[in-house]
């Protein structure tokens, strides 16, 4: 019988084990995933400068340091609470009534007999 030598094919062996380019490719893949997550976070932000809808964001609601951010189009306004209860001066302008069907009816005051509150 003839002596047949079999060539062993090492399918499971890692011949690319020492290739430094593979580690660079893996790092680039990780950075691409991180960039994709950050882009999604920016687009989901309600104050996104590229969003077209108007947005109101209230921070620390009901606390003395409450803030309100209002985005209308490309304009962003910030309002800060002074921590005090608001009050104003004025005159009674009329009376509003709620009807049985749920609608509201406003009846303005007439002439100079308006009362101050």
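Things to note:
- Divide the volume of the convex hull around the Cα atoms of the range 21-80 by the residue count and you get 108 Å³ per residue.
- Multiplying the residue separation of residue 82 and residue 54 by 0.36 nm and removing their Cα-Cα distance gives an extension gain of 7.6 nm.
- Gained length - residue 92 relative to residue 26, 0.36 nm times residue gap less alpha-carbon distance: 16.7 nm
- Label-point gap, in nm, between residue 33 and residue 109 - each point 7 angstrom along Cα→Cβ: 6.7 nm
- Rounded FRET efficiency, nearest 0.05, which uses the C-beta distance separating residue 44 from residue 69 and R0 of 22 Å: 0.85
- From most to least packed by mean Cβ count within 10 Å, the peptides 93-102, 66-75 give 66-75, 93-102.
Just so you know, all these numbers are worked out from the coordinates, no wet-lab data involved. Predicted model, so just to flag it, every value in this text is computed and none were measured. All Cβ positions, even for glycine, are placed from backbone atoms using ideal geometry, and neighbour counts span all protein chains on display.
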